[in-house]
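Note sheet for the following structure.
Here, each number is a calculation from the coordinates, and none is a lab measurement. For clarity, every value in this text was computed on a predicted model and none was experimentally measured. Don't worry about glycine lacking a Cβ; one is built from the backbone with ideal geometry, like all the others, and counts go over all protein chains shown.
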Amino acid sequence: MKIIVGLGNPGTEYAGTRHNAGFMAVKAISEKYGISLKKRAFGGVYGFGKVLGKELMLFEPHTYMNLSGDAVNAICSRHLEKKNGLLVISDDMALPLGVIRIREKGSSGGHNGLSSIIGYLGQDFSRLRIGIGMENTVPNMKEYVLSEFRKAEQPVLKEVITRLVLYAEEWLVSGVKKAMALHNDGKAPGKAL
């Protein structure tokens, strides 16, 4: 079985924020494949299902972003045999809105959720980063990641989430190297106003 983790912050006040792009992605996968995220344990919510013939667990840590490693470590200790069976989806300010990157392993890139997970598991797990763009005029990074996507950005966000589901499917069926080769083109689907 493989596990896809989406990073975000629990609670309705964070639901549409940039930092919750990972939750949005897991929700899209769960809706497409009818995987209910109603089981509660390991510091989050999760569900099991079959996607393209593969056993998959979807997980959202509800420990808040900076403590994501606690929950991810707990669920991986129980349900994951090899680290290459883990894909973590997160937002990334360094990537323009609409750009997605999948990597086999690496550093946190300054992302607190990834830093927390790396503290427990090391760097050897796949990650899929969703560009949320960092505007030069934004004085406070925390305020920016906790802000909602603007109305003009919504069509780009919708298209990105659709593409992201395809990336995750490729990772699940063919592995991270094939997903990287097919999808890491650095292209955004369009430009938000």
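Observations, loosely collected:
- Take the Cα of R163, step 7 Å toward its Cβ, do the same at E104, and the gap between the two points is 2.3 nm.
- Pair K32, D124: separation of 7 Å Cα→Cβ label points (nm): 2.9 nm
- Between A181 and E55, the FRET efficiency from the beta-carbon distance, with R0 = 22 Å, is close to 0.35.
- Normalised by the number of residues in segment 2-183, the average gap of Cα pairs under 8 Å and 6 or more apart makes the relative contact order 25 percent.
- When the alpha-carbon atoms of the chain are used, the pair Rg, Dmax equals 15.2, 46 angstrom.
- Using only side-chain charges placed at the Cβ, +1 for Lys and Arg and -1 for Asp and Glu, the dipole size of segment 2-183 relative to its Cα centre rounds to 500 debye.
- Descending by average beta-carbon neighbour count within 10 Å, the peptides 164-176, 30-42 line up as 164-176, 30-42, the highest first.
- Lys, Arg +1 and Asp, Glu -1 on Cβ, resulting dipole of segment 93-164 about Cα centre, debye, nearest 20: 160 debye
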